[in-house]
Every structure is written in C-alpha cells, then in structure tokens.
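Notes follow once the structure below has been shown.
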Amino acid sequence: MGPGPPSPGERLASRPPRRLLLALAVWLICLLALAPLVGLALYAFSGAAAEPLDLGPGGLLQLGNTLALLLLVGVLGAILGTTTGWLTASCSFPGRRWLAIAQLLPLATPAYLLAATLVDLGSRNGLRVHGLAWSVLVLTLSTYSYVFLLGSESFAVSGRRQIEAARSLGVGPWGSFRRVALPMALPSIGAGIALSGMEVVNELGAVELLGVPTLSVGILQRWQNDGDPQGAVGLALAALVIVSVLVAAERQLRHRSRRWGMGSPGDRLQPWPLSGWRAALAQVITLSPPLLALGFPLLWAVSSWDQMRGESIDDLIALTLRSFALALLAALLTVAAGLVLAISKRWIPQVLLRRITFLAGMGYAVPGAVLALALMLLGGPWALSPLLLLVWGYADRFLAVAKGGLDAGLERIPPSVDEAATGLGCSWLKVLQRVHLPLLRGPLLVGALLVFVDTVKELPLTFALRPFDFDTLSVRVYQYASDERVGAAMLPALLILLLGLAAAMALVPTLERQRGPH
Amino acid sequence: MPRSDQPRRPVSIPVIAGLVALLAVAAGAAVVVSRMGRTPVQELGVYSGRHYNTDKELYRRFTEQTGIRVRLLEGKDDALIERVRTEGANSPADVLVLVDAARLDKAAGMDLFQPVSSKQLDRDVPANLRDPQGRWFALTRRVRMLVVNPAMVDPATMRTYADLAKPALKGKLCLRNNRSVYNQSLVADQLIQHGEPATVSWIKGMVANINQPFYTSDTPLARAVAKGECGVALVNSYYVARMIAGLSGEADQTLAKQLKVVFPDPSHVNVSGAGVTRYSRKAEAATRLIEFLASPSGGDGYAEANYEYPLKGYGSSPILRGFGSFRDDGVSVQQMGENNQRAVELMQANGWS
C-alpha cells in the first residue's frame, strides 16, 4: 500500500487492541486459503531433488499463448467494460436500465459452452473456429463483465461533485468522462481487469477446445498425462508470477489514483441525456456484447431445437437446486472471508499480515483442476467430506473475486470516518457494523453476485470433488459438451443462465439506488 | 453508497451472528445429508469415467436383478484416478470404470485395483481385453477408423493406417491433436506392431499430409470430411454412428451418410473397462456388477446405447452392422497402456502437436 495518510490503526496503536479476534480470523482464513497451495508444492517436491525449473517442450509456447491472451483480452475487456459501464451509469437513453442488466448475462455464460457452441456452429457451416483470435473473442465476452460491474459501480457513486464542477466549467460529457470520472474509477476498473486476467490465466475448457495450449492446459497435461507433478508445479509457479504482477500492477494503479469520496446530501448527478444517433449508438454498444455472448448459444438452440434432448423435470430441478445451494453457500462464506481480510488492513498495521492476506487471494490464479488435486491431497487421508472440500475449494478460489471489489470500496471511505468513530469509542466491530457495512453494501452485493455466478458455472472443482449422485448444472453441461453432444447440454446451460440472471436482478435495486432518481 | 434520504441503518450484531450460525448449520446439514443413507448393506460406490445417461439405466437394471444399490460419481478419468489414489483406504469407491487402455493401465500401475478371479469374466472377456492379473476387464470396444470423402480420395487406396502417410494424400488428411487419448493409444498400438523407426516415419508422413491445424474433437472432423474440407480423417466409430442415427440433427445425418467408412486391416481396437478398487470391502458384490456389465445381457446394453461395439461380435445396431466387419489387430490393451508415454513423446517430437 505504501505510505499514505496514517490509518486509524497506526494512529491508535497505543490503545489496548480488541483486535485479537480480528487477527485470529485473518490468520485462520489465510491458513485455510494457503494450505492447499503449500501442500501442493510440498507434495510436488517431496522426495525429489529440486531441479532447476524447466518450462519443457511446449512450455514456452504455452507461456506465450497465456501472455498473448492476457494482453489482448485485458485491453479489449477494459475498453468494452469501461464503455458499457460509463454509458449505463452516467448517461440516459431508452432501454438503459435493461441494457445495464444485460451486461451481466455474459458473466453467466460459461466460456466452455460458448466455445463449444461456436466450434459446433462453425463446423456445421464450413467455418473453422480455432485458434487465438477466437479464444480472445470468447474470453473477452465471458470476462469483460468484471470490468463493467466494478467500473459502473464506481462511476455511479464517486466523483459527482467533481463532475458537476467540471460541467459548470463547460467540460462536455466526453471531457468529464476522460478527465474526471475515468481517473476516479481507475481503481475499480483495474480491479476488474485483474479479475478478468486471473480468469484468463486459469481458463481451461474453452482454450482446449479452441486448440490454444496455455499454461493451465500445460499444468494439467504435465501432471496427469506425463506423471510429472514437479513440472506441473513449475508451470503453476509461472502462472502465479503472472498473476502476482497483475495484482501488484493493479495496486500500484489504485494507490496512485487514490481518492476519497463520500457523497453528500443533495449530491445527485443528472445523467447525460443522449438522443438521436447518440442514443442509438449507445444502445448498439451496450447491446452487442450480451447479444454475442448469449446469441451464439441461443442461435445454436434455435437452429438445432430438434436435437435438444429433454431430461426429466425432476432431474433438472434437482440439478438446479444443488447448483443454487452450493453457490449461495459459497457466496456467503467467501464474501464474509473477503470482508474480514479487507477490513483487517485498515485496523492492523502489520506488514506480515498484509503480505499474507495478499497471498491468500492467489487461489484464484491456480487452475481449478490443480486446486482440486491439492484439496484431494489434503482431504483424502483425513476422509474429509467431499462437500466440505468442495465449498472450501470455492471459497479459496473466489476469495480474490470478493475481496477485489471490497478493497476498492473500502478505499473510497476516508480514514477520517474510522478515526471519528474510534475517537467516539467504537471498536472495529462497531465501526464495521455501523459504518463500513452500510457504506459497502454495493461492493458486498457485487462480490456476492460474482462469487455466486462463478460458482454456478464453476467446473473443475465441482467435477472432481463432488460426492456420489451429486451432479450440478455445470457438471451436466460439461459432460455432454465434452462428449460432443451439444444438444443435450443446452437445457442445463439455459438454466445456468437463468440462475445468473436471477442473481443479477437481485443486484439491480442496489445499483439503481446508488445511481439516484432521474 | 446509500443516499442521504434513506437512513443509514447500522447492521446489527445479532443479524451477523444469525447469518454465521445459519451458515454453520447449513454446512453441517450438507455434510450430514451427504453421509445420509450410506448404509453398508448392499450398496456399491462406482466412480465412472463414462458419462452416458443410458449407463444409469443399466445400473438400475442391475439393482433390480440383485438388490444391490449403485451410487454413482461420473467424472474425468484422470481426476477419478487421482481421487481414488488420494482417498486410499477411505475411498467410498468399490468399482472404478475408465475409458481407454492407457487409463486402465495407469490405474493398475498405481495399484488402485485388487485382482479378481471370475470364471464368468474369463469366459465373457477375451484375453487381450483384460488384465492378465485380473485387475481390470474391458466392457465395451470402439474402433479408431477412417472416414473418407470418396470425391477426394479413393477409398480403395485406404487399406491400413500406414496408407495415411502416403505422399498421395498431401493436403487431404485431417487429424485430431495429441491430447486425444484415442490418438495416443493408436500410436502406442502401431509402436507395438511396427516398432519405433517405422512409427516415427509414419507420424512424420501423416504430419506432412495435413492441410489445417489439428482438430480438438471428432465430430467436427467427420463433418469436415463430408464437406470436402478434408479427404480423410481418423475418428472413433461411435461418433459417426451417432451422426447417422440423427442424434445431432438431420443435417449431420445427411452429411454422415455421404462418408465412406473404412476399417483399416487390421484395426486398432480400444476399450472402456472396469476393476474392483484396491480397498473395497465389497469385492464380491463389485465383481458381480462387473460381471453383469461384461455379460452379453448387460454389456450389450452398455455398448449399444453409445453405439460402441460389445466385447464380442458387432451388436444388434443396424448402423454398426452397416459399417461392416473389422479384424482386431489383437494388440493387448495392457501393452497399449504401457507404451502410452513413449507414444506421446514420439508424437510431440515429430510434429503431431
């Protein structure tokens, strides 16, 4: 975080801290988050002389592909997410409300489903869907929503006064976006890009189907096909380095653009009214990505409705309920853990603790299939319940998703607020309860939504760790799609979309309230 | 941030505590539910790398016949192997069903199976399709065959796998990548039959013949051949059979009917199979399930639903019968597994990426 104004923790370090509980919670969460990763490394290197890391045959290509995907998807996703976020948060045009909700649909479309339908549609129509360009398209569509979500939340709440000041000085919509709103939203946008980057690093199904060998493909190949866990961990380390750089870059960016804005009474921003061709353009821009992400599977479904194999309704209900329950549990747990980690930085000024909370988010960088192996290594000998391992895996993997938005949200709350509250005798728990939680409602909901949707479509962990007779929607979709039976995969896939949509709708009132009436 | 006209309500501690308690209860309930009904009597745990809805129908029939319940977990073969290994003596799996020779051999090599002796299995499963020590038994067969577009390539010139490396096929061959375990086993099979130098030049010859990047699945390959984008390709028999059956629509059905199916002579035959897990305490019941799945009454159903070949003969499907007959090259599945690693290395080293 670097030197900034002293945090309340530093200033009040002499007070007898009632923060032991908080510190304990932080350590416990970090321990649980890091145990699988440490166990994995120990296992890979146990009993073998540590050899110099060797990317091996194909390793360089895999690294190159991963970097290329990161760069291209990052740039495209940033542009797409920022544009759609700004348009729906700060302008008004016909259909804006619905189009804002629609941006969340691509998030609920599993990348492997999108890739599978594209490959299938292409091969039916004589188009070879293959290679890096298609992977960039698929991954951009399935990850730009991270940037959109975090960005638009920030556009909606921060810098109204500054924007109004800029307006009164005659700065137009474009200028106020570029010179005021964008810099203020940079932390959130950066967090969004980092999240989408991590998603790109560990994407497996889609890139495999599109024939682009990346690090995550290499890691699994080394481990399971070549029987070379050390080589796999070596590649995984390369992936971790990439992600650490991403996260560090995002933090640097955030630090440089740190601003505090509370919003104050009467502080409502009139959205820029768009009309005529401008409104039409805004509609086209915001409609295209969801239309593409949803359109391909739907196009598939429409053109091949005769092949859609129905499952029994009972079965579909059971699948949906399991997906829903798992995702809800994962979302609550993960957001709670993320909140503890995020606020601990404000209260406990310990470098070690900060470093370790930083590391705790690394689970997101590890390909799900590898995390699954790690959890099996931990859980197997102890005969831990598969469901317990599964939820542990979800929380570990998605901790960064919940925490990213919370960190950005907390940074918008000036430390003076904490100081005032502490000065009035509030403990961290009281401050959390009376100040942070109400102010963080947006990021909390966004985080919970992201984890929920991510869990519903999560595959490798669910596939590897679930107990007997416990299929979920994503498992069923993948079983069919990987067996080249896209038709049978469609119905469960549509249910995943519906669950994602329902979750997105739950978020709308909050986002709208923040935007204010107009 | 909430607007000022809406009062900022503090979130009360009891609510948080309540949520946490709810979470704990939910987690506990989930654990309890997952353990519920796990009574030791007459119940078998099956981990299966096959995932066809029709398999479940067969397990149901087994339960009807024997009263033994089957609890099922379907997953990816490699992940299931890892799971049985890490669960060790705690594993709830009694039977492990895997697809492809290489995986069966790998699991046997990791000591995940216990040897079983059964007269019925010895009778129903041909010797080259089971482990000599009785650790696993094949249940279904699939053939890696050629699909040819007669307008581009004369099917009569395609008699063996070696013909795919002929210079005359330049620009007409399409292949799936080396991640496909089906291709890995084919190369292992050729390695056993023809030795390393011949296999290397065969791979090189084929790689020189391909005209576009390696495919990642079989169905698009078959379509590409039918549409004339490729003259010939290697695919598993059941993908083509499914297309002909109309499972992926009328357009695919029409396309597949234009394909000329060629069984190289002799043909490479691969399997899915099963074994009793190392630590199963219900070896007897587990053996009964495998016997049922390998028997003509059970196994034919297992194979037929996915358009695979049963252990003996060609099954009753008119589509498979329409493909004609093939001659199994007789290479033992166990040997293919042993040669898998070397096969992958040769593919990687010679441009089959």
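The values are calculated or read from the model by the stated rules, or taken from the named source; none is laboratory data. Worth saying up front: this structure is predicted, and the values here are computed from it rather than measured. Neighbour counts run over all protein chains shown; Cβ positions are idealised from the backbone, glycine included.
Applying the criterion of being polar (S, T, N, Q) and more than 8 Å from every other protein chain (Cβ to nearest Cβ) to the residues of region A:469-481, the residue that is surrounded by the most Cβ atoms within 10 Å (Cβ to Cβ) is A:T472. Residues of region B:118-128 include at least one that is of a type in the set (S, T, N, Q) and not in a helix (DSSP H, G or I). Taking the criterion of being surrounded by fewer than 20 Cβ atoms within 10 Å (Cβ to Cβ) and in a helix (DSSP H, G or I), the residues of region B:195-234 that qualify are B:E196, B:P197, B:A198, B:V200, B:S201, B:K204, B:G205, B:V207, B:A208.
With respect to the conditions (1) assigned to a loop (DSSP other than H, G, I, E, B); (2) of a type in the set (A, V, I, L, M); (3) modelled with pLDDT of 85 or more, A:A13 falls short on a single one, namely (3).
Looking across region A:227-253 at every residue that is under 28 Å from B:M347 (Cβ atoms) and touching an Asp or Glu at 6+ places or on another chain (Cβ under 9 Å), the one that is farthest from the other protein chains (Cβ to nearest Cβ) is identified as A:G234. When region B:331-353 is filtered for residues that are over 22 Å from B:A165 (Cβ atoms) and either away from chain A (no Cβ under 12 Å) or acidic (D, E) (or both), the ones remaining, listed by number, are B:S332, B:V333, B:Q334, B:Q335, B:G337, B:E338.
For B:K76, the conditions (1) facing another protein chain (nearest Cβ under 9 Å); (2) in contact (Cβ under 8 Å) with a residue 60 or more places away in the chain; (3) surrounded by 19 or more Cβ atoms within 10 Å (Cβ to Cβ) all hold with the exception of (2).
Of the candidates A:W305, A:W300, the single residue that is of a type in the set (A, V, I, L, M, F, W, C), within 11 Å of another protein chain (Cβ to nearest Cβ) and in contact (Cβ under 8 Å) with a residue 24 or more places away in the chain is A:W300.
Of the helices (runs of 4 or more DSSP H) that lie entirely inside region A:104-177, those containing 1 or more residues that are modelled with pLDDT of 90 or more and closer than 19 Å to A:G404 by Cα span A:132-157.
Given the criteria at pLDDT 90 or above and touching a Pro at 6+ places or on another chain (Cβ under 8 Å), does B:D300 qualify?
No: the conditions fail for B:D300.
Being within 24 Å of A:A372 (Cβ to Cβ) and touching a helix residue (DSSP H, G or I) at 6+ places or on another chain (Cβ under 7 Å) is a condition met by at least one residue of region A:403-425. If the condition is being over 25 Å from the mean Cα position of the chain (by Cα) and within 12 Å of chain A (Cβ to nearest Cβ), then region B:203-262 contributes B:N211, B:Q212, B:K227, B:G228, B:E229, B:C230, B:E250, B:A251, B:T254.
The residue of region A:202-251 that is surrounded by the fewest Cβ atoms within 10 Å (Cβ to Cβ), among those that are of a type in the set (V, I, T) and over 25 Å from A:G131 (Cβ atoms), is A:V241. Residues that are touching a Lys or Arg at 6+ places or on another chain (Cβ under 7 Å), surrounded by 18 or more Cβ atoms within 10 Å (Cβ to Cβ) and charged (D, E, K, R) within region A:333-387 comprise just one, A:K345.
Wholly within region B:242-342, which helices (runs of 4 or more DSSP H) include no fewer than the required count, namely at least 3 residues that are touching a residue at least 12 places away in the same chain (Cβ under 8 Å) and assigned by TED's automatic domain parsing to the domain that holds B:T54?
On the way: elements: B:250-258, B:283-294, B:296-305, B:318-323, B:333-338.
The helices (runs of 4 or more DSSP H) meeting that bar are B:283-294, B:296-305.
If you go through region A:405-446 and pick out every residue that is crowded, with 18+ Cβ neighbours inside 10 Å, out of contact with any Pro (no Cβ under 9 Å at 6 or more places or on another chain) and in a loop (DSSP other than H, G, I, E, B), you end up with 2.
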